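Taken together, the values in this text are just the output of simple stated rules run on the coordinates, not laboratory data. These numbers come from a predicted model, not from an experiment. Neighbour counts are summed over all protein chains in view; Cβ atoms, including those assigned to glycine, are modelled from backbone coordinates with ideal geometry.
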Amino acid sequence: MAVNVAIEIPDDIGRALGARASDVSRAVLEAVAIEAYRSGTITPAQVQQMLGLRSRWETESFLRRAEAYHDYTMDDLERDIAAIRDESRQ
């Protein structure tokens, strides 16, 4: 199931957005995905799904271009390593 959202943007702002991106709807969708990722609301996998990106690498590239980074701590690394080990045992 998908949620459709309609927003109204003043004409002058719509024109400015259109001058920067040929598809204003896509630009707004990408901005929402970036902000949701930055705030920790959604994961990279959800960004990929939301934007219809083909792979994890395409998603990572998109997030890098948007300068949307999360702090990656030693705890994060240890959890990732443990998850990889668990997957390899299955």
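Where the centroid of each part is defined by its Cα atoms, how far is the stretch 68-83 from the stretch 12-30 in Å?
34
Per residue of the chain, what 222 nm ellipticity follows from adding -39500 (n - 2.57) for every DSSP H run with n ≥ 4, rounded to the nearest 500? The partial results should precede the final answer.
Numbers: 5 runs with 59 residues, N = 90.
Rounded to the nearest 500, the figure is -20500 deg cm²/dmol.
According to the Cα gyration tensor, what semi-axes, each the square root of 5 times an eigenvalue, does the equivalent ellipsoid of the chain have, listed from largest to smallest in whole Å?
On the way: eigenvalues 215, 39, 27 Å².
So the equivalent ellipsoid measures 33, 14, 12 Å along its semi-axes.
Assign unit charges at the C-beta atoms only (+1 for Lys and Arg, -1 for Asp and Glu), then state the dipole size of the stretch 37-86 relative to its Cα centre in Debye, rounded to the nearest 20. The partial results should precede the final answer.
Numbers: 7 positive and 9 negative charges, 60 e Å.
Roughly 300 debye for the stretch 37-86.
When the Karplus curve 6.51 cos²θ - 1.76 cosθ + 1.60 is applied with θ = phi - 60°, which whole-Hz ³J(HN,Hα) does each residue of the stretch 58-69 get, with x for Gly and Pro?
Residue by residue, the stretch 58-69 yields 5, 5, 4, 4, 4, 5, 5, 4, 7, 6, 9, 10 Hz.
Are there any trypsin sites (Lys or Arg not before Pro) in the stretch 4-57 that are in a DSSP loop and have at most 13 other Cβ atoms within 10 Å? List them by number.
54
Taking R0 as 25 Å, what's the FRET efficiency between residue 60 and residue 8 from their Cβ-Cβ distance, rounded to 0.05? Before the final figure, lay out the partial values.
Details: r = 33 Å, r/R0 = 1.33.
Using R0 = 25 Å, I get an efficiency of 0.15.
With charges set only on the Cβ (+1 for Lys and Arg, -1 for Asp and Glu), what does the dipole of the chain come to about its Cα centre, in debye to the nearest 20?
Using only the charged Cβ atoms, the result is roughly 280 debye.
Figure the gain on full extension for residue 76 and residue 35 (residue separation times 0.36 nm, minus the Cα-Cα span) and round it to one decimal in nm. Show your work: numbers first, answer last.
Working: separation 41, 0.36 × 41 = 14.76 nm, distance 2.09 nm.
Full-extension gain reported as 12.7 nm.
Rounded to the nearest 0.05, what FRET efficiency is calculated for residue 67 and residue 22 with R0 set to 25 Å and r the Cβ-Cβ distance?
The pair residue 67/residue 22 has a calculated efficiency of 0.70.
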